[in-house]
């Protein structure tokens, strides 16, 4: 087997065979799999290690490991059962090997491509699962099949299984023994190396790569290209081997349980890179820190796999998690001070401003070398103490099998009482205002029912709004949200009134109108006593729906309004079965186990409980053993529980079985106030900025997959859904929110404080802090908060209550949402925000002016900047004089090196040379009215731009607008990565007609989304649109639409959303023939006079149809729209009719509705279309 013998010359003192992971895979294992170099077995022999006790393997080691008492390398062939697709058998005659951590990828340097997979295992003596853990460990490496590849999102890596290379070693539990070797005498190393080279000449096989110095002052010589040459020249600080080892493991993202462990290894790898300018003594200290940290990480991962933990285990895990944060803070501070000392400040040029030297307040000064080494030694001592406590607490025996990964299916719930309530809403015999209170226990589907009614019937009313009250509501905020929804204006025109003023404004707008209001999740009648004053009685068939859990709230809500009540009933047995099957399996499957009937009975017909339970079992349907075990365990847990306790228990079980990455993302929702609507785009960016998502190239869709998975599993509830059935925002059910709030507090993940309910004292370090001021009466500045370790801060409330931002020196994420009106204060001063040197994410929302610093170039790590406010720059503590209608950001924003996403409010002027931000991927909203023509031209320099949102909120001349559009078009040719282009509605009355043959809007070939509003109207459909083969969403305005234009659109194979606004109807009308638009799901057609027809088998997958036209009493509807019955998959049809001459008769309404095959038809009247 090529094992070592006494005749083989040993390595000289101080030297050892210590190949890097890249060398093991790219050289040794590659040659063994290919059979191209038999000599490699002289150094790494072939041994079936599962046939021996680990202590027997030392005698079988290769020549390079002779005398090594800590680690040995072997090629291990795969077993016979693996040839037939079975799982590898890791049992030995005296015990078994068990995985200690999840498998991770190994990357090559410097290309950072996947070359294999690494799995760490621990040896247990005895029979599973009662074996006794030993100190023997093993790293098992498998090579990737084929050339090294860049890992794309969700792409699996094919592995070679014929042979794997294994590193067997003994875990010391403390510091590595070879870390403390004494230095060799002067000249000893060179002399020993020379003797070894002379001996190697007489050997048949050449010397192996990485057979180099491992003494504390003699790091390894690296490089696969020089694998067979032992060099006598050693670099001063060659640490590439450790860099490869650190970077070779795929970075585990930051999580609620692991803390910052994943991102910490990546940063340590950066410090150990040979190109990073650190002294060799400091790099060696960091290298030892990495090795100590790896021991702690493996032990921590083992504890996370346990089903339950005793108090000692919980304490130890909390200690390690907090320690990882402290170490990362120290490393960040070290890197920041080192970079600041090595950087030369550069001049920043701005209009009428020249700063010769940039000084960033709060930037740490360069630490002395001795100070940094001492700090690393202190961190190693803390790790050693944690390792010692792990051994003293005897935590090795409490680890069990890891939990299964969850996956679920989504389905649509059928709501039985919807028909009855639809009649109540649409009954026009009773014209007075009517109020309905829907009550029932938590999770029974009250909100879902109210949303369905609101979505289907809301269009029949003149005004509508859907507001969530929740516990401890801020009445002022609720009324402002209600006013916003019924007015639909720009937000900046709101938030300027008191509660009584908002009530009067709402009543004034609702007077003489037919309105439909849903007040969801009402907890106390006191809130209704205030809100009801905003609803005029009238006689327009207006309706209000209230949802609540407590029945006795309904009588208290009566007041001067007539309140009807409706009690939600649990689902019947058949509906429960259907819902479970749709979620966990497929509709045609039968129950895989009779115990599920019992489980559904325990669920009590609550949809939330059934959906959560279905998601729990969805991923286990292929594993019958785990299925039965978990099913019986759940049943025993649910026995003799009330409906409320049963729902809480099921939600808790489902949470415990989530993958760790989903748990972390779900817990993060506690950063938001109770009852808040959470926008998906904001949430995904915050997850990425926090480090929960590995943000590598090709990995952009992971965050959205996590979001969708949480929706499918019932952990979060969709709130707003767009025309393409994409979830845009979400909320959290209060049962789930109570659970994750408890879990988040337990793991010190997020500290959320609502000053209307508690005066919390911080007894431990707050890592992520969320401050909520839900009522103005509690608007006092918080005191006694320890902020030195806070990494993320979210503030929701009055500006005068916000603590000083500059005190949060370690902030990575900052979310500021200022409430109140202009009477409280006129501006918010954030000029000192430039001192937050580690900041990665900044979002500001405000209805008053926000004063930013004149220079923010010091925020070099800033990746995401979202500002939904009017902003101005502050210079020398004074706000710069600007136009009251104009908003501007700091000029040096163009020098932020890593900015990926920039979102600003329309009407904001960006500095010139915006094209310097070449890292930018998203830009919203670039205002053509406020930015110069040169700045529009510079957009073409944003070569990484993927999403561009344009607007024109300032009215400009036709010629001026045309010049800017021409400049914009000229830049498109360089935006090869652009995927989405949106031009939002501009100033009122602004329209520019463009000839269809003009190339003014010739867009990138790989565009997937194109939205052009009426501000730009084409004479006909441009021919270049037919070349956009990747286009999925198209919204466009044309003067006329001909049959040839339809043929152009038919040639777009992936078109799923189409919106056409035709200004002048033609006599022939628009006809869709058989087989056209096979994947189209949403179609909107707007024209002054409607004439549209659908042939049989046209638009076979259309789900939603919306048509808008003006009513003419002489027209016959059957001639205006025909063939709707051929749209076999149509679920919804919405009709908007402009009737300026007196309205639509009831007979005309019935004529339109008779065409629809959809479950419901939404007919709404306007003055003009």
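The values are calculated or read from the model by the stated rules, or taken from the named source; none is laboratory data. Worth saying up front: this structure is predicted, and the values here are computed from it rather than measured. All Cβ positions, glycine included, derive from the backbone under ideal geometry; neighbour counts span all protein chains shown.
Per-residue answers, yes or no, for (1) surrounded by 15 or more Cβ atoms within 10 Å (Cβ to Cβ); (2) modelled with pLDDT of 80 or more:
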site: 562; (1), (2): no, no
site: 572; (1), (2): no, yes
site: 585; (1), (2): yes, no
site: 592; (1), (2): yes, no
site: 608; (1), (2): yes, yes
site: 617; (1), (2): yes, no
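Would you be able to say whether some residue in segment 969-980 is touching a helix residue (DSSP H, G or I) at 6+ places or on another chain (Cβ under 8 Å) and either on the phi > 0 side of the Ramachandran plot or at pLDDT below 80 (or both)?
Taking every residue of segment 969-980 in turn, at least one turns out to be touching a helix residue (DSSP H, G or I) at 6+ places or on another chain (Cβ under 8 Å) and either on the phi > 0 side of the Ramachandran plot or at pLDDT below 80 (or both).
Might you check whether a residue that is within 24 Å of residue 390 (Cβ to Cβ) and part of a helix (DSSP H, G or I) occurs anywhere in segment 272-282?
Among the residues of segment 272-282, not one is within 24 Å of residue 390 (Cβ to Cβ) and part of a helix (DSSP H, G or I), which makes the answer no.
Go over the candidates 1115, 1023 one by one and state the one that is at pLDDT below 90, surrounded by fewer than 15 Cβ atoms within 10 Å (Cβ to Cβ) and more than 37 Å from the chain's Cα centre (by Cα).
Unique residue meeting the criteria: 1023.
Listed here are the residues, each with its yes/no results for (1) closer than 30 Å to residue 299 by Cβ; (2) buried (at least 19 other Cβ atoms within 10 Å of the Cβ); (3) modelled with pLDDT of 75 or more.
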residue	(1), (2), (3)
8	no, no, no
50	yes, no, yes
79	yes, no, no
94	yes, no, yes
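Filter segment 948-958 down to the residues that are free of Cβ contacts under 8 Å to residues at least 40 places away in the same chain and crowded, with 16+ Cβ neighbours inside 10 Å and list them by number.
Once the filter is applied, which keeps residues that are free of Cβ contacts under 8 Å to residues at least 40 places away in the same chain and crowded, with 16+ Cβ neighbours inside 10 Å, segment 948-958 yields 948, 949, 950, 956.
If residue 441 satisfies every condition in (1) in a helix (DSSP H, G or I); (2) at pLDDT 80 or above but one, which is the exception?
(1)
What are the residues in segment 25-40 that are part of a helix (DSSP H, G or I) and either touching a helix residue (DSSP H, G or I) at 6+ places or on another chain (Cβ under 7 Å) or touching a residue at least 60 places away in the same chain (Cβ under 8 Å) (or both), if any?
Once the filter is applied, which keeps residues that are part of a helix (DSSP H, G or I) and either touching a helix residue (DSSP H, G or I) at 6+ places or on another chain (Cβ under 7 Å) or touching a residue at least 60 places away in the same chain (Cβ under 8 Å) (or both), segment 25-40 yields 25, 26, 27, 28, 29, 30, 31, 32, 33, 39, 40.
May I ask you to verify whether residue 59 is surrounded by fewer than 16 Cβ atoms within 10 Å (Cβ to Cβ), more than 26 Å from residue 96 (Cα to Cα), in the same structural domain as residue 170 (by TED's automatic domain parsing) and modelled with pLDDT of 85 or more?
no
How many residues are touching a residue at least 60 places away in the same chain (Cβ under 8 Å) and crowded, with 22+ Cβ neighbours inside 10 Å when one looks only at segment 519-530?
Residues meeting the conditions: 1.
Name the one entry in 422, 448 that is closer than 16 Å to residue 549 by Cα and at pLDDT below 90.
448
Just to check your reading of the model, which residue among 961, 1034 is crowded, with 17+ Cβ neighbours inside 10 Å and at pLDDT 85 or above?
None of the others qualify; the one that does is 1034.
Among the numbered criteria (1) surrounded by fewer than 21 Cβ atoms within 10 Å (Cβ to Cβ); (2) touching a strand residue (DSSP E or B) at 6+ places or on another chain (Cβ under 9 Å); (3) within 30 Å of residue 972 (Cα to Cα), which single criterion is violated by residue 1053?
Result: residue 1053 fails condition (2) only.
Look through 304, 367, 336 and report the one residue that is closer than 30 Å to residue 914 by Cβ and at pLDDT below 85.
Answer to the check: 336.
Out of 453, 449, 478, I need the residue that is outside the structural domain of residue 604 (by TED's automatic domain parsing), assigned to a helix (DSSP H, G or I) and more than 30 Å from residue 603 (Cα to Cα). Which one?
Only one candidate qualifies: 478.
Which ones in segment 416-430 are surrounded by fewer than 15 Cβ atoms within 10 Å (Cβ to Cβ) and not in a helix (DSSP H, G or I)?
416, 427, 428, 429, 430
I need the full set of residues from segment 724-759 which are assigned to a loop (DSSP other than H, G, I, E, B), surrounded by fewer than 16 Cβ atoms within 10 Å (Cβ to Cβ) and touching a strand residue (DSSP E or B) at 6+ places or on another chain (Cβ under 6 Å), in order please.
Once the filter is applied, which keeps residues that are assigned to a loop (DSSP other than H, G, I, E, B), surrounded by fewer than 16 Cβ atoms within 10 Å (Cβ to Cβ) and touching a strand residue (DSSP E or B) at 6+ places or on another chain (Cβ under 6 Å), segment 724-759 yields only 724.
Which number in (1) closer than 20 Å to residue 162 by Cα; (2) at pLDDT 90 or above marks the one condition that residue 54 misses?
(1)
From the list 541, 557, 548, exactly one residue is in contact with a helix residue (DSSP H, G or I) (Cβ under 9 Å, 6 or more places away or on another chain) and at pLDDT below 70. Which is it?
557
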